[in-house]
Amino acid sequence: MSPRRSSLSRSRHEKRDSHATRVVHQVASWCLCYPDAELVERVPLLRAALAEQAVTSFEAFLDHVAQTPVEQLEREYVDVFDLSRRHALYLSYWTDGDTRRRGEVLAGFKQRYRRSGFLVDTHGELPDFLPLVLEYAALADPVDGAALLQEYRPSLELLRLGLAEDGSAYADVVDAVCATLPGVSPPDRAAVMAMAAAGPPTETVGLEPYDPRLLPMAEEHHR
């Protein structure tokens, strides 16, 4: 194969990968929002979009949505995300909790959206709401959106672990998002804390997540 042909092949592969990532981010954004009849109606469309990119990681979750009454999906969502701090969908809540600093961090999210021209009705949600961040990455600025997700990779991984440990169907959705980011997901909370301690940006990814069970890990890491 000539160098030029090899370069063209690599470029097409990268474009295909980039498009697949955007599809994953958009589908995950819909799946992580409060479920309703519209989500159920969208399942065939979501399946088709994922199949076109050969993405199979959402199959079990979409089967669950298609086979479960909307009222039950709503109850499950409330139980998983509204009644358990282990599954917070607000990325900076894992790193900054309800501190004064979090206000500055949330303002930073808004600034990034504005710079890209991303105008969206948040429906009262905070700008670090994961479905909103995923929509930004899928539709507005894939490069900065992926960078933002990577900055909050520890938050995503803690969310993924919590959902998996509790046997939630949503674990596959967050796992699919993590799989679009560089590197392999940490196997446990201790590894996530090490990632948070080592990673850039240090001013954004802190070591004081709200889950008190993680604090001893952070303290032990700094001894």
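The values are calculated or read from the model by the stated rules, or taken from the named source; none is laboratory data. Just so we're clear, the structure is a prediction, and the values are computed from it rather than from any experiment. Using ideal geometry, Cβ is built from the backbone for each residue, glycine included, and neighbour counts are taken over all protein chains shown.
Which ones in region 50-63 are assigned to a helix (DSSP H, G or I) and either crowded, with 17+ Cβ neighbours inside 10 Å or on the phi > 0 side of the Ramachandran plot (or both)?
50, 61, 62
Within the group 118, 81, which residue is within 19 Å of the chain's Cα centre (by Cα), within 25 Å of residue 39 (Cα to Cα) and at pLDDT 90 or above?
From the options 118, 81, the qualifying one is 81.
Any chance you could count how many residues in region 168-186 are under 23 Å from residue 144 (Cα atoms), among the hydrophobic types (A, V, I, L, M, F, W, C) and touching a helix residue (DSSP H, G or I) at 6+ places or on another chain (Cβ under 6 Å)?
Residues flagged as under 23 Å from residue 144 (Cα atoms), among the hydrophobic types (A, V, I, L, M, F, W, C) and touching a helix residue (DSSP H, G or I) at 6+ places or on another chain (Cβ under 6 Å) within region 168-186 amount to 6.
Given 163, 159, 130, 181, which one is farther than 23 Å from residue 75 by Cα, under 15 Å from the mean Cα position of the chain (by Cα) and of a type in the set (A, V, I, L, M, F, W, C)?
181
Quick one: which of 136, 113 is of a type in the set (Phe, Trp, Tyr) and within 14 Å of the chain's Cα centre (by Cα)?
Sole residue among the options that is of a type in the set (Phe, Trp, Tyr) and within 14 Å of the chain's Cα centre (by Cα): 136.
Could you tell me whether any residue of region 120-128 is buried (at least 20 other Cβ atoms within 10 Å of the Cβ) and touching an Asp or Glu at 6+ places or on another chain (Cβ under 9 Å)?
No, region 120-128 contains no residue that is buried (at least 20 other Cβ atoms within 10 Å of the Cβ) and touching an Asp or Glu at 6+ places or on another chain (Cβ under 9 Å).
Output the number of the condition that residue 98 fails; it satisfies all remaining conditions of (1) in a helix (DSSP H, G or I); (2) at pLDDT below 95.
(1)
Scan region 84-106 residue by residue and report those that are closer than 29 Å to residue 140 by Cβ and either of a type in the set (S, T, N, Q) or over 19 Å from the mean Cα position of the chain (by Cα) (or both).
If the condition is that a residue be closer than 29 Å to residue 140 by Cβ and either of a type in the set (S, T, N, Q) or over 19 Å from the mean Cα position of the chain (by Cα) (or both), then 92, 95, 98, 99, 100, 101, 103, 104 are the ones that fit.
In this structure, does residue 95 turn out to be buried (at least 20 other Cβ atoms within 10 Å of the Cβ) and among the β-branched types (Val, Ile, Thr)?
yes
Scanning for something closer than 22 Å to residue 68 by Cβ and either part of a helix (DSSP H, G or I) or of a type in the set (Gly, Ala, Ser) (or both), does region 135-157 turn up at least one residue?
no
Is there any pair with a first residue in region 166-180 that is assigned to a helix (DSSP H, G or I) and a second that is buried (at least 21 other Cβ atoms within 10 Å of the Cβ) and charged (D, E, K, R) whose Cβ atoms are under 7 Å apart and which are 6 or more apart or on different chains, and what are they?
Once the first residue is assigned to a helix (DSSP H, G or I) and sits in region 166-180, its partners that are buried (at least 21 other Cβ atoms within 10 Å of the Cβ) and charged (D, E, K, R) give 171/160; 174/160; 175/160; 178/157; 178/160.
Just to be sure before I move on: is residue 183 at pLDDT 90 or above, of a type in the set (Gly, Ala, Ser) and either in a helix (DSSP H, G or I) or exposed (fewer than 14 other Cβ atoms within 10 Å of the Cβ) (or both) in the structure I sent? It would help to see each step written out before you state the result.
Values: at pLDDT 90 or above: no; of a type in the set (Gly, Ala, Ser): yes; either in a helix (DSSP H, G or I) or exposed (fewer than 14 other Cβ atoms within 10 Å of the Cβ) (or both): yes.
Criteria not met by residue 183.
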